[in-house]
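*Asks:* Submitted below is the structure of interest, expressed as structure tokens.
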Amino acid sequence: MLFSIVIPARNEEENIGKLIRSIFNQSYRPIEVILVDDGSDDDTLNIAGDLKRELSGKDFTINIFETGKDTPFKGTWAAKNLGIIEAKGEYILISDADFQFIKKDTLTKIEKGLADNQVVSFYLTPIIDNKLENNLVLDFNPKERPFYCAYQSEVIKKVPPDPKIGSGGDWDLSKRLGESGLIK
């Protein structure tokens, strides 16, 4: 099953290469990376374009879109929404651009959860180095920490994120999914 990773990004030239390479290094295949740039004025798009040429192949693709150009809305949730609309995978994970996939079996573990569940939630643990960054090392007990979700695409595409929402979009999406009766 195709796994789509949606990455909204704005001025992430320091992080985008590390994230995309960490996704490429996952043991899971096939993977579709969808980068949605939200008006970067740094080298984010050039780096992503170079990686698309270098890494894209049969089981790993990178697609690049831009808010304002490919959608009339701008902002993080507009970028996420566009990415979800464009995703072709049966599974969708939305990843911030400053994350990294540290363990090579992260997507495999998420896929196992999504085989039986419409949504899998998890939290991120910090990478301790000279900068505090987040990575997608999974803990499927998100009761006490901020959590993120991966979705079966048929669920999230029925109630996509609101492109006009700024902060709080994650909570809004979770609330609307619950109210829709699509998830329990």
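*Asks:* Rounded to the nearest 10 Å², what accessible area does D96 have for a 1.4 Å probe in the complete protein model?
*Replies:* 50
*Asks:* Working out 0.36 nm times the residue gap between D70 and N25, then minus their Cα-Cα distance, what length gain in nm do you get to one decimal?
*Replies:* 13.3 nm
*Asks:* Which of K74/K109; K52/K74; K104/K158 have a Cα-Cα distance over 26 Å? Each step should come with its number before you reach the end.
*Replies:* Details: K74/K109 33 Å; K52/K74 23 Å; K104/K158 30 Å.
Distance filter (> 26 Å) returns K74/K109; K104/K158.
*Asks:* Ok, one more. Multiply the residue separation of D172 and D42 by 0.36 nm, subtract the distance between their alpha-carbon atoms, and state the gained length in nm to one decimal. Present the calculation step by step, with values, prior to reporting the outcome.
*Replies:* Working: separation 130, 0.36 × 130 = 46.80 nm, distance 3.03 nm.
Residue separation times 0.36 nm, minus the Cα-Cα distance, leaves 43.8 nm.
*Asks:* If you stretched the chain out fully between S56 and E154, how much longer would it get, using 0.36 nm times the residue separation minus the C-alpha to C-alpha distance? Write out the running numbers ahead of the final one.
*Replies:* Details: separation 98, 0.36 × 98 = 35.28 nm, distance 2.52 nm.
Fully extending the segment from S56 to E154 adds 32.8 nm.
*Asks:* Now a separate question. Ordering W171, W77 from largest to smallest accessible area (1.4 angstrom probe), what's the sequence?
*Replies:* Numbers: W171 175, W77 10 Å².
Accessible-area ranking of W171, W77, largest first: W171, W77.
*Asks:* At 1.4 Å probe size, what's the solvent-accessible area of E66? Round to the nearest 10 Å².
*Replies:* Ignoring ligands and nucleic acids, E66 comes out at about 60 Å².
*Asks:* For region 1-75, count all C-alpha to C-alpha pairs, find those more than 18 Å apart, and express that count as a whole percent of the total. Present the calculation step by step, with values, prior to reporting the outcome.
*Replies:* Working: 980 of 2775 pairs.
Value for region 1-75: 35 percent of Cα pairs lie more than 18 Å apart.
*Asks:* Then there's this: Aspartates and glutamates within cross-link reach of K175: Cα-Cα under 14 Å, excluding same-chain residues under 8 positions apart?
*Replies:* Counting by Cα, and skipping residues close in sequence, K175 has these aspartates and glutamates nearby: D162.
*Asks:* Report the rotationally averaged projected area of region 57-125 based on its alpha-carbon convex hull, in square nanometres. The partial results should precede the final answer.
*Replies:* On the way: hull surface 23.7 nm².
Averaging across all directions leaves 5.9 nm² for the Cα convex hull.
*Asks:* Still on this model: Could you tell me the calculated FRET efficiency between D116 and E14, based on Cβ-Cβ distance and R0 = 41 angstrom, to the nearest 0.05? All intermediate terms of the calculation are to be shown ahead of the outcome.
*Replies:* Working: r = 37 Å, r/R0 = 0.91.
Between D116 and E14 the formula returns 0.65.
The values are calculated or read from the model by the stated rules, or taken from the named source; none is laboratory data. Given the structure is predicted, the values throughout are model-derived calculations rather than measurements. We place every Cβ from the backbone using ideal geometry, glycine too, and count neighbours over all the protein chains shown. SASA here: full protein model, heavy atoms, side chains in, ligands and nucleic acids out. Shrake-Rupley method; radii C 1.70, N 1.55, O 1.52, S 1.80 Å.
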